[in-house]
Structures are given as C-alpha cells and as structure tokens.
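What follows is a single structure, written as structure tokens, with notes after it.
The values are calculated or read from the model by the stated rules, or taken from the named source; none is laboratory data. None of the values given here were measured: they were computed from a predicted structure. Counting neighbours? That spans all protein chains shown, and the Cβs are built from the backbone with ideal geometry, glycine included.
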Amino acid sequence: MTQPIEDYALIGDLMTSGLVGRDGSIDWLCLPRFDSAACFAKLLGEEENGHWRIARVGAAPDERCTRRAYVDGTLVLESYWETEGGTFKVIDFMPQRDTAPDVVRIVEGLTGESTVRSTLRLRFDYGHVVPWVRRVDGERVAVAGPDSAWFRSEPHVHTWGEHNSTRSEFAVAAGERVAFVLTWHPSHEPRPNPIDPYAALHTSLADWRAWTSQCTYEGPHQEAVIRSLITLKALTYAPTGGIAAAATTSLPEELGGVRNWDYRYCWLRDSTLTLGSLLATGFLDEARAWRAWLLRAVAGDPADLQIMYGIAGERRIPETDLPWLRGYASSAPVRVGNAAVDQLQLDVYGEVIDSLYLARATGLAAEAHAWKLQLALLDFLERNWRRPDEGLWEVRGPRRHFVHSKVMAWVAADRAVRTLEHDPSLPGDIERWRTIRDEVHRDVCENGYDPERKTFTQFYGSAELDAATLLIPRVGFLPPDDPRVVGTVAAVQEELGRSGLVRRYSTEGPSVDGLPGDEGAFLACSFWLADALHLTGREKEARALFERLLAVCNDVGLLAEEYDPVAGRQLGNFPQAFSHVGLVNTALTLARGKAAVAIP
C-alpha cells in the first residue's frame with residue numbers, strides 16, 4: 001500500500017539520506033550518496049524492491065505508529081507504538097560517518113512488554129538486484145556486484161532468513177533497548193569497523209544540538225524555521241558543501257502522471273535564496289561551503305554554464321528510466337538523472353552573480369578569483385541575454401523569451417554596477433553595465449508587461465502568467481509600490497491561485513511545458529506570494545498565507561515540492577530544499593519587515 005508522501009520523515013548523515021514511514025518502514029535509502037542507487041526502493045515500487053520495517057508483531061501492512069517526533073534540534077526520529085502488552089519506541093538515525101554509512105535503529109521499551117518484528121529486504125540497484133546473503137559470526141552480510149552491507153543486531157535476538165528477507169523477532173520490556181545497525185561498503189573493500197549504536201546515538205544528538213545552537217533566528221515560528229534549517233543541513237553533501245534539491249527522484253507532481261523528475265542534484269536557481277537564508281540565520285560555515293561549491297561548479301567557459309550539477313559538481317547527469325519500478329502510486333516513468341541539465345536557462349547567470357554579490361555584501365570574505373569569474377559570466381550574458389531560453393521551470397517545450405530570465409539578466413547587470421560602486425578598485429566598466437542594465441529594463445517593461453491586464457506575463461507575447469514574476473520586487477527590478485508590481489501580485493494571486501496557494505503557471509490547454517496532465521500548488525511560489533503581499537502592504541494577508549503554508553507541513557515539519565489543496569496531500573519530491581528555503585525566508589521577511597528583503 002502506498003503511504004502518502006507526508007507520512008515520511010527524513011534521516012541522514014550529511015552525505016545521503018533515507019525516508020522512514022509512519023508504518024515503521026524505511027522505504028527509500030540511497031548508499032553511499034544522495035544520488036547513488038537505492039537499496040530500499042519500495043517508495044517507487046513494491047515491498048520486493050526493498051525496505052526495512054520495524055513494528056509490533058501482527059501489525060497490519062497499513063498500520064501506523066501512534067505518534068512520532070524528532071528529538072528537539074536534531075535529525076533523530078522517535079516513533080512510538082502501543083501494543084496490548086505495553087509501549088515502545090523506535091529511534092531512527094544515521095550518525096555522521098567516519099568511513100562508512102550506517103543506519104541505526106534502536107527499539108526501546110517504555111511500559112510493560114511488547115513483541116517486535118524487524119523485516120529487512122535489501123535490494124541493490126534501485127530494487128533490481130537481490131543480493132546473496134550469508135551468516136558470518138552471528139551477523140548477516142549481503143553482497144551483489146559492487147555493493148555490500150552488514151546487518152547486526154543484539155546476540156539474543158532471534159533472526160532468520162525467509163522469502164529473500166531477513167527477519168528478527170524479540171520481546172522488549174520497559175527500560176530495555178535492542179539495537180540494529182546496517183552498514184554499507186564497497187564489496188571489494190574490507191568491512192569497516194563496527195560502530196557502537198548507543199554511543200553513536202549520544203554523539204548524533206550532541207552533534208545536531210551543537211549545530212542548531214548557532215541559529216540566530218528568534219522570531220515567530222522558531223521551531224518551524226529551525227526544522228527547515230535542519231532539513232537544509234541534512235540535504236547538504238558535507239564533503240563539497242553542495243545542497244541537493246531533494247532526497248528523492250520521481251515523486252510525482254500529479255498522482256498517476258508523468259511529471260516525475262530526479263531532484264537529487266544541486267540547482268543554481270536555488271543559490272541566492274539558499275545563501276540568504278543561511279547568512280541571515282547565523283550559519284556562516286554552511287554559507288561559505290555553499291559559495292565554494294558554487295564557484296567550483298561554475299568554473300570554466302561561461303558558455304558551458306549549466307542549470308544544475310551533481311552534488312560534487314559533476315556535469316554529466318544523463319536521464320534514464322527504470323522500467324522495473326511501477327512508480328509512486330503508479331506514477332511512471334521512474335527517472336534517474338535529469339535531461340534538463342542540457343537546457344539553456346539565462347536566469348542562472350543572474351542567480352550566480354546575485355549570490356556572489358550577496359556574499360560580499362553581507363560580510364563573507366571575497367574569493368580572489370570570484371570577480372574575474374563574474375566578469376566572464378557578464379561578458380557572456382551581454383552577448384546572449386536577448387536569446388530565448390527554457391526558463392526557470394525547465395519547460396520541455398520550445399524556447400521563449402521568458403520574463404523571469406530577462407529580469408535576472410537585469411539583476412546580473414545591476415549587481416555588477418553595485419559591486420563597482422562599492423569598490424571602484426575592481427576592474428570593470430561601470431558605465432557599460434549601467435547601459436546594459438537600462439536596456440534590459442526597457443526591454444522587459446515594453447515586451448513582458450500587459451498594460452490592459454496590468455501584469456507582467458510569462459514570456460513576451462504571452463497571455464499566460466508566471467509565479468516567478470512575484471520575485472520582481474524582491475530582486476529590486478521595480479519597487480514594491482510600483483503599480484505594475486501591485487497589478488502583477490493581484491493577477492498571479494487571482495489566476496494562478498488554488499485554494500489560497502499558488503501554481504507556478506497554468507497547465508490548462510496547450511501547456512507551455514509541453515507535458516500532459518496537471519500539477520499541484522508550488523510551495524516555494526506560495527511563499528513568494530506571502531513575501532510579495534507583505535512588500536506591497538497587504539500584511540494581514542501575508543501572515544494568513546504564511547500560517548496556511550505552515551499547516552501544510554507534515555507532523556514532523558517537512559514539506560514536499562507541491563501540495564494538492566483539494567486532496568490535502570503533498571506532491572513532488574520530498575523533502576524539498578526550495579520549499580524549506582521559502583519557509584525560512586518568509587519567516588525572516590515577516591519578522592523583520594521590508595528590510596529583510598531589501599537589496600544590500
């Protein structure tokens with residue numbers, strides 16, 4: 001049975017992550033990296049595609065735990081179960097790794113005595129390969145091709161093999177604890193030293209609490225903001241500082257539809273907003289690491305700039321389908337990789353330059369080569385900003401003159417001017433960039449604005465709207481009180497609104513993205529609407545919308561990419577960094593006023 005997306009919680013070790021369902025099953029786990037092949041792929045298929053469930057003996061397939069929560073300030077999950085004989089909890093986490101990734105699950109008796117069952121089905125290569133499992137000194141080791149995993153439990157726990165799975169059954173009384181550890185390593189390498197699961201729990205709690213103690217945000221909804229920041233940290237690939245857009249691939253934007261994409265990579269479009277949220281909440285080390293990843297990823301010929309990269313900066317992300325997986329809720333195909341990597345999106349030049357400008361303006365020490373890189377990007381943009389592109393939303397239809405792309409070209413020129421105004425010693429022709437900035441501005445206002453409807457449109461000559469135009473006042477293209485901004489906010493809210501939230505663009509009729517079907521309300525865009533309402537003086541509406549969005553969070557504070565307000569279900573990849581960045585930035589906007597989004 002397919003669990004709702006919002007029934008999942010995230011665990012991770014800052015190099016990869018897994019999803020734990022309310023039924024006690026880990027249904028998604030990629031090892032050793034976010035973008036590696038999954039060894040638990042039930043999320044996108046069936047039980048036989050791999051999962052690991054711990055629940056009370058006799059629990060029905062659809063039975064859920066009584067309640068669950070993260071330990072405050074951490075990514076350690078506790079799920080509580082009630083049985084006829086007593087109660088117990090399952091503690092799930094992945095300790096920050098030394099040499100190998102570990103998944104630790106500790107069952108702790110709380111009252112009375114409960115009988116518990118563990119069912120482990122390892123399936124490597126996205127649920128396609130059944131490993132050979134053998135017993136070694138009381139433990140199990142599973143091997144298939146390049147993958148090897150060790151499964152360890154307490155010596156007294158009865159464990160046996162059944163139907164290509166490893167099962168364990170045991171009783172746990174109040175005050176007793178039973179630990180399981182799953183450890184992955186390359187099959188050609190020696191087994192890593194086993195960890196002490198209880199010491200690892202103590203260390204993990206201390207590590208996360210030490211990290212969250214750096215947070216400087218003290219405004220309303222602090223708990224939701226901190227949970228979003230923890231989620232962003234959990235999606236960070238620690239060796240490089242890259243932040244994955246989501247932990248999953250192919251969770252659908254429409255149940256049963258084909259809008260299923262792989263988001264386990266790093267998007268340049270997220271860079272400015274992510275950097276801003278980290279800088280504004282006190283996480284300077286993460287901001288530096290993200291900027292460093294950005295500079296490494298975009299280094300090279302500006303003509304080769306991509307919209308996304310691998311978590312270590314890889315450029316090749318070929319897209320393929322996995323036909324043996326039926327897809328979440330039969331939403332096929334399941335895709336690995338992302339063909340949008342080859343698209344032309346001119347907005348990314350503005351986003352990169354804006355990110356580096358923001359870092360400099362907010363006090364991060366400038367990298368010696370960063371300005372030279374920006375000059376190269378600016379030179380390319382000067383020659384190419386008039387071209388049509390695929391736009392922010394990676395449409396798979398024809399290229400067009402998207403308004404947001406042109407606005408971000410203006411941002412690139414504007415930030416170049418501001419940088420040179422602040423530091424005239426830097427090389428660069430400030431008058432040249434003032435001229436280009438003015439030219440782009442005129443072009444957008446003449447060709448991307450509909451004076452009859454009083455709104456900016458999605459692309460030149462279009463009657464459609466785009467929620468990305470809500471960012472126009474935020475980036476400083478026009479002031480919030482400009483009638484064109486006020487009109488755009490009203491039009492987007494009216495025409496793209498869905499039960500109070502906002503879609504990215506219309507999918508009705510001949511859709512701009514060239515795909516069939518529909519999608520849900522886009523949560524990041526809904527946060528942008530809250531920001532825009534606040535900036536244009538509609539503060540009461542902004543706060544009401546923010547409260548509405550907070551209510552969309554699941555029981556452990558996580559957000560997917562989209563939401564179906566009619567069915568009341570989250571949609572799209574999960575958890576989504578863009579959604580959580582939106583939550584943090586809107587909280588900052590509402591807590592600190594217009595200065596929170598003013599250009600430094």
Given (1) part of a strand (DSSP E or B); (2) over 23 Å from A200 (Cα atoms), where does A69 come up short, assuming only one miss? (2)
Before we move on, is L346 closer than 30 Å to P516 by Cβ, crowded, with 23+ Cβ neighbours inside 10 Å and touching a residue at least 12 places away in the same chain (Cβ under 8 Å)? yes
Condition check for R400: in contact with a strand residue (DSSP E or B) (Cβ under 6 Å, 6 or more places away or on another chain), touching a residue at least 40 places away in the same chain (Cβ under 8 Å) and basic (K, R): yes
Do you know which residues across the range 184-209 are touching a residue at least 60 places away in the same chain (Cβ under 8 Å) and closer than 17 Å to V157 by Cβ? P197, Y198
Find all pairs meeting these conditions: Cβ atoms under 6 angstrom apart; at least six residues apart or on different chains; first residue within the range 463-477 and not assigned by TED's automatic domain parsing to the domain that holds V411; second residue small (G, A, S) and assigned to a loop (DSSP other than H, G, I, E, B). E464/S506
By residue number, the members of the range 80-90 that are touching a residue at least 12 places away in the same chain (Cβ under 8 Å), outside any strand (DSSP E or B) and not β-branched (V, I, T) are G85
Of the conditions (1) in contact with a strand residue (DSSP E or B) (Cβ under 7 Å, 6 or more places away or on another chain); (2) without any contact (Cβ under 8 Å) to a residue 24 or more places away in the chain, I54 clears all except one; give me its number. (2)
Residues that are assigned to a helix (DSSP H, G or I) and within 22 Å of W385 (Cα to Cα), drawn from the range 329-350: A340, V341, D342, D347, V348, Y349, G350
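Yes/no matrix, rows are residues, columns are (1) under 25 Å from the mean Cα position of the chain (by Cα); (2) in the same structural domain as P192 (by TED's automatic domain parsing); (3) part of a strand (DSSP E or B):
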residue: T74; (1), (2), (3): yes, yes, no
residue: E78; (1), (2), (3): yes, yes, yes
residue: D92; (1), (2), (3): yes, yes, yes
residue: E108; (1), (2), (3): no, yes, yes
Within the range 488-505, is there a residue that is surrounded by fewer than 17 Cβ atoms within 10 Å (Cβ to Cβ) and under 17 Å from L346 (Cβ atoms)? no
Taking the condition of being out of contact with any Phe, Trp or Tyr (no Cβ under 6 Å at 6 or more places or on another chain) and within 14 Å of Y70 (Cβ to Cβ), how many residues in the range 1-16 meet it? 4
Tell me which residues, restricted to the range 380-428, are in a helix (DSSP H, G or I) and of a type in the set (S, T, Y). S405, T419
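Conditions tested, residue by residue: (1) under 19 Å from Q345 (Cβ atoms); (2) among the β-branched types (V, I, T); (3) crowded, with 17+ Cβ neighbours inside 10 Å.
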{"position": "L420", "(1), (2), (3)": "no, no, yes"}
{"position": "D429", "(1), (2), (3)": "no, no, no"}
{"position": "R434", "(1), (2), (3)": "no, no, no"}
{"position": "V440", "(1), (2), (3)": "yes, yes, yes"}
{"position": "Q458", "(1), (2), (3)": "yes, no, yes"}
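For every residue, the table says whether it meets (1) over 18 Å from V581 (Cβ atoms); (2) hydrophobic (A, V, I, L, M, F, W, C); (3) modelled with pLDDT of 95 or more.
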| site | (1), (2), (3) |
| --- | --- |
| L182 | yes, yes, yes |
| S187 | yes, no, yes |
| T203 | yes, no, yes |
| D207 | yes, no, yes |
| V225 | no, yes, yes |
| S228 | no, no, yes |
| A244 | no, yes, yes |
| E254 | yes, no, no |
| Y263 | no, no, yes |
In the range 205-246, the residues that are small (G, A, S) and within 22 Å of the chain's Cα centre (by Cα): A224, S228, A234, A238, G241, G242, A244, A245, A246
Residues within the range 281-318 that are in contact (Cβ under 8 Å) with a residue 40 or more places away in the chain, closer than 30 Å to N49 by Cβ and surrounded by fewer than 15 Cβ atoms within 10 Å (Cβ to Cβ), tallied: 0
Which residue, of D450, D414, is of a type outside the set (G, A, S), in contact (Cβ under 8 Å) with a residue 12 or more places away in the chain and buried (at least 18 other Cβ atoms within 10 Å of the Cβ)? D414
Considering only the range 351-362, I want to know if a residue exists there that is modelled with pLDDT of 90 or more, crowded, with 17+ Cβ neighbours inside 10 Å and not in a helix (DSSP H, G or I). no
